[in-house]
Amino acid sequence: MTEVQISPAIDGEWSQVCSHMRDEIGDAAFESWFKPMSVRSVEQGVANISVPTRFMRDWVVNNYLPQIQALWSALNKSVTDVEVTVGNGQSGGILARATARNAQAANPIANPSAISQTASQARTAEQLGAQLDPRYTFDNFVVGKPNEFAHAASKRVAEADIPPFNPLFLYGGVGLGKTHLMHAIAHHMRQVHPNRTVVYLSAEKFMYRFIRALREQKTVDFKDQFRSVDMLLIDDVQFIAGKDSTQEELFHTFNALVDQGRQIVLSADKSPSDIEGLEDRLKSRLNHGLVADLHATTYELRLGILLSKAEQLHVELPTKVTEFLAHKISSNVRELEGALNRVVAHSQLVGRPITLETSQEVLHDLLRANDRRVTIEEIQKKVAEHFNIRVADMHSARRARSVARPRQIAMFLSKQLTSRSLPEIGRKFGGRDHTTVMHAVKKVGELSLHDQDFAEDVELLRRMLGGVG
Ligand code: ADP
Ligand code: MG
């Protein structure tokens, strides 16, 4: 094979890919992984990148390849594949070579390009939707108590010939696996029914497509396209709450598809009833299908996920470290993955084994952030103690200022210090409405501005609670 000279254009494309990646993964990770890479050639649609070590190659292939590929082909359509080679391209380096195709070939579901789709179906799905992440498959999803219902419902939908429930509505906090499950459904469907058009995209993207269609006066095309897909998956629909015309359009698309017996899958960070700014008739349609939630992870699930990810990375994680991570990084799966990646990367870069001590060191900032997370119950208790009232008054209907004010402060702090939504906070305060919580948050903010003593009280409590853990 002859080497092709690197043209300035290719270099330019590569630096654009790099700058996107830097934004995406942050400076530190970029310096570790992307700095040492260089482009060697682009030949017959395959871009070849070289890295200094085998470990780096595996890491890049496992963690960044789909993104690099997607970015590159967005810049230059003729680049359809990216391969990563170890070394400087002299013979020998070639032996240790992995391409996206090779890396994913073992798992056909994980490789959308290996799935034969009729060209036109694939094109429609790609034009309308977003690319699927090849790692987000059912095989790679660890099932535990908090997600077993959502997982089972997703599997049913993926395997069914006619929609078992329509829509399937998945909801839960960030990083708990909604997007992963949606991609898994889409991968499966495309694999089993290559000639069906399966379109996945975020609600945000749906909105921008719609706005563009309006501007270009192509709404008829837009409607036709979306109403003729076989399966439509829209992620993060909370985004279009309050965006009336987009909601309207989604509602009609939704009705048209459901009427034709096409499956719709939606996700959001809250249940349909808790999303503010969503029209009632849309809510009621959403509630018509199956609503499945993903709960916060448990210790067991986190352990399971760590074991599975460590296996995928081919690293041996000491039991103590696994337990430590599962115990300490309890926020969500995305952070847990990030923590594991950091620990592994560090150990490989400095060439020392993973230990509890180094893990603590490498993760000190993350650990602090996770420690700082308090629960609403803790906040209620601390605030009640501080003002010398009963914890029960946090839930009671009493309106006397002596209890109402501390209750408002506790609501304010719950909003500030936890990731709970307003409706969730309301429920924890004796089933109050989210507008009550909103009012409390506003009130405490106002009082703090005008009353120095009050502001200090709140700040003191905030700091005391911030130190918990
Ligand atoms: P969400 O869309 O709910 O914010 P994601 O689906 O993006 O969350 O998940 C965040 C990350 O955690 C992804 O990399 C995903 O693969 C991973 N993840 C979440 N849940 C699981 C699980 N049960 N098993 C394996 N990986 C998971
Ligand atoms: Mg998501």
*If you project the alpha carbons of region 311-429 onto the principal axes, what extent comes out on each, in Å, largest first?*
63, 25, 20
*Magnitude of the Cβ-charge dipole of region 126-294, K/R +1 and D/E -1, about the Cα centre, nearest 20 debye?*
200
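Starting from region 186-255, pick out the GluC sites (Glu not before Pro) whose DSSP state is loop and whose Cβ has at most 12 other Cβ atoms within 10 Å.
Glu216
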*Under a Cβ-Cβ cut-off of 12 Å, what is the net charge of the residues other than Ala150 that fall near it, where Lys and Arg count +1 and Asp and Glu count -1?*
+2
_Checking the cross-link filter: which lysines have an alpha carbon closer than 20 Å to that of Lys218, excluding same-chain neighbours under 8 positions apart?_
Lys205, Lys243
*In whole angstrom, note down how far apart the Cα centers of region 414-444 and region 283-302 are.*
21
*Under a 5 Å amide H to amide H cut-off, with H placed in plane at 1.01 Å, what residues pair with Ile49 once short-range neighbours are removed?*
Arg40, Glu83, Val84, Thr85
*Top to bottom by accessible area (1.4 Å), largest first, where do Leu266, Leu349 land?*
Leu349, Leu266
*Largest first and to the nearest Å, give the Cα extent of region 251-352 along each principal axis.*
59, 25, 21
*asked:* Averaging the inverse of every distinct alpha carbon separation and then flipping it gives the Kirkwood radius. What is it for region 383-469, in angstrom units?
replied: 13.0
*Would you list the P(r) distribution for region 126-294, with all Cα-Cα distances sorted into 5 Å bins from 0 and each bin expressed as a whole %?*
1, 9, 19, 24, 22, 15, 7, 2, 0, 0
*Hey, got the dipole for the chain? About the Cα centre, +1 on K and R Cβ, -1 on D and E Cβ, debye to the nearest 20?*
860
_Backbone HN-Hα couplings from phi across region 181-198 [Karplus 6.51/-1.76/1.60, Hz, Gly and Pro as x]_ = 5, 5, 4, 4, 4, 5, 4, 4, 4, 5, 6, 6, 10, x, 9, 8, 8, 10
*Under 5 Å between amide H atoms, partner at least 5 residues away or on a different chain: which partners does Leu294 have, H built in plane at 1.01 Å?*
Tyr171, Gly172
*Restricting region 242-312 to trypsin sites (Lys or Arg not before Pro) in coil, as DSSP defines it, with at most 13 other Cβ within 10 Å*: none
*Could you give the size of the charge dipole of region 299-371 about its Cα centre, using +1 on the Cβ of each K and R and -1 on the Cβ of each D and E, expressed in debye and rounded to the nearest 20?*
80
_What percent of all Cα-Cα pairs in region 299-371 falls into each 5 Å bin, going from 0 up to the bin containing the maximum distance?_
3, 18, 33, 28, 14, 3, 0
*So which of Lys270/Lys415; Lys381/Lys443; Lys283/Lys442; Lys270/Lys442; Lys382/Lys415; Lys155/Lys178 end up more than 18 Å apart by C-alpha?*
Lys381/Lys443; Lys283/Lys442; Lys270/Lys442
*Can you list the HN-Hα couplings for region 214-227, worked out from phi with the Karplus curve (6.51, -1.76, 1.60; θ = phi - 60°), rounded to whole Hz and with x for Gly and Pro?*
4, 5, 8, 6, 10, 5, 5, 4, 4, 4, 4, 4, 6, 7
*Mean residue ellipticity (222 nm) of the chain, computed from DSSP H runs ≥ 4 via -39,500 (n - 2.57), nearest 500*: -17500 deg cm²/dmol
*Given C-alpha coordinates of the chain, what is the ratio Rg to Rh with the Kirkwood estimate of Rh?*
1.01
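The values are calculated or read from the model by the stated rules, or taken from the named source; none is laboratory data. In this text the structure is predicted, and so the values were computed from the model without any measurement. Every residue, glycine among them, receives a Cβ derived from its backbone with ideal geometry; neighbour counts consider all protein chains shown. Quick note on the areas: whole protein, heavy atoms, side chains included, nothing else; ligands and nucleic acids left out. Shrake-Rupley method; radii C 1.70, N 1.55, O 1.52, S 1.80 Å.
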